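The values are calculated or read from the model by the stated rules, or taken from the named source; none is laboratory data. Bear in mind that the values here come from a model prediction, so they are computed numbers and not experimental data. Glycine gets a Cβ as well: all are built from the backbone with ideal geometry, and neighbour counts include every protein chain shown. Note: areas computed on protein heavy atoms with side chains; ligands, DNA, RNA excluded. Shrake-Rupley method; radii C 1.70, N 1.55, O 1.52, S 1.80 Å.
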Amino acid sequence: MSTTAAPSAHRPIVDEPVPQPVRWGAPELARLTAMVQQPSLFYWKGPQTTALIEEFRRHYAFKYCYPCSSGTASLHIAVAALKLKPGDEVIVAPITDMGSVIGVLFQQGVPVFADLEPRTYNLDPADVRRKVTSRTRAIMAVHLAGNPCNTTALAAIAQEHGLALIEDCAQSWGARHQGQPIGLVGDFGCYSFNDFKHIACGDGGLVATNSEQLGPGLAKWGDKSYDRVAGGRAPEELAANYRMSEPQSAVAAAQLGKLTDIVARRNRAGELLTARLAGAPGLLLPTVAPGDFHSYWFYLLRIEPAKFTVSRNELAAAFNAEGVIAGPGYIPTTVYRYPVFQNHNFFGGAWPVRDLGLTTMDYRQVNCPVAEAIIADCITLRINEAMSDAYIEKVARAVQTVTRRLARA
Ligand SMILES: Cc1ncc(COP(=O)(O)O)c(C=O)c1O
């Protein structure tokens, strides 16, 4: 009778669970405890929302700040404040969250997708310039994954053509472009506190501007066009209720106290990963422009598929088998390929601006080749502030080992 030895269990190179940050604690509790003594949880002049604005200003030098219910809301408020005419165009990135474009569509604007830079995954200023038309009103710069956009170049285009620049900072808390916190170059900085972001309060957002023209009216765009400053109800515009509330503000204000530390740790982890992955066959690592600071909401790399014996998905699975938290791809498709765009199904199966002849946009014809390539060949690696150097070294060793094993000879 022959005996076969039981296969020995594979011990992954990353042989420990992914470190989990402790996200909430004494600072949040202190604010929430103070909050429950308050007679009201309404946001306007509420102590927690006031504290949130003060804490936010410690990081971002904005005169006008409006905390609101989500990042999507912050972007919608920014777009609404521009008072688009139906059919006006806003240039946007094709790899982003739906929240970037929702406000444009609700304001009867037309999202126009421009292509991305291959290694930062942010808007390519050259393609943005090509997409400007007589209908363009704004550029929305999405700082993807924590990496700052080239807002210097985008602001120059905006200025040249008299456009607004909206910065979608949802994924990039703490990132800096040429030494300056992102959000401050454009006309609006828009931020998200949703649960998955660097700092969070469940759901929340903040829109901010230094524009003397747009700033004073900002709050009305998130508060039914009610005038909380002068009092009274005489809505002059159609505006949603995107108000913040005191419980969310309490948590968000406390979270802002941790931002510098969280971002420093994530930046260290991301930069260490890049240093250790240098030279891995078939990997294209994210690049950060000289003078910029990446805050690594996640780590997005690309592969050169022809250099591997396996597919992108199999490569990501092989990373997983070595204990690396890796996902094949980021979002499933470019945003313009979502069914809602492909079917122009924005309002009950119709799209009034097109039906009325105010745009000829056909999203089935849109193609951003660089963005499509990124979607097809990218892999996301988890980064968080609890990851030690030793943990990142293990991740890098695992990725190096797998890529060398599966690279074509
Ligand atoms: C780039 C970007 N913009 C906007 C949003 C929308 O933020 P929220 O989920 O807070 O509405 C997100 C959220 O994931 C995002 O990643």
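If you scan the range 139-192, which residues turn out to be of a type in the set (S, T, N, Q) and farther than 15 Å from residue 267 by Cα? 150, 151, 152, 159, 178, 180, 192, listed by residue number. Only residues that are surrounded by 15 or more Cβ atoms within 10 Å (Cβ to Cβ) and more than 25 Å from residue 153 (Cβ to Cβ) were counted across the range 265-280, and they come to 9. Close Cβ contacts (under 9 Å, 6 or more residues apart or on different chains) running from residues in the range 290-310 that are assigned to a loop (DSSP other than H, G, I, E, B) to residues that are open to solvent by less than 10 Å² (accessible area, probe 1.4 Å) and hydroxyl-bearing (Ser, Thr, Tyr) comprise 294/172; 295/172; 297/172. Has the range 161-176 got any residue that is more than 11 Å from the ligand (Cβ to nearest atom), closer than 30 Å to residue 135 by Cα and either of a type in the set (Ser, Thr, Tyr) or surrounded by fewer than 18 Cβ atoms within 10 Å (Cβ to Cβ) (or both)? Yes, that holds for at least one residue. Find the residue count for the range 105-150, including only residues that are of a type outside the set (Phe, Trp, Tyr), part of a loop (DSSP other than H, G, I, E, B) and either surrounded by fewer than 24 Cβ atoms within 10 Å (Cβ to Cβ) or in contact with a helix residue (DSSP H, G or I) (Cβ under 8 Å, 6 or more places away or on another chain) (or both). Residues in the range 105-150 being of a type outside the set (Phe, Trp, Tyr), part of a loop (DSSP other than H, G, I, E, B) and either surrounded by fewer than 24 Cβ atoms within 10 Å (Cβ to Cβ) or in contact with a helix residue (DSSP H, G or I) (Cβ under 8 Å, 6 or more places away or on another chain) (or both): 16 in total. Please determine whether any residue of the range 187-202 is crowded, with 21+ Cβ neighbours inside 10 Å and farther than 27 Å from residue 145 by Cα. No.
Among the residues making up the range 76-98, those that are within 14 Å of the ligand (Cβ to nearest atom) and open to solvent by 10 Å² or more (accessible area, probe 1.4 Å) are 76, 97, 98. Within the range 235-281, the set of residues being assigned to a loop (DSSP other than H, G, I, E, B) and closer than 27 Å to residue 39 by Cα comprises 240, 242, 244, 245, 257. Scanning the range 203-235 for residues that are within 16 Å of the ligand (Cβ to nearest atom) and open to solvent by 70 Å² or more (accessible area, probe 1.4 Å) returns a single hit, 203.
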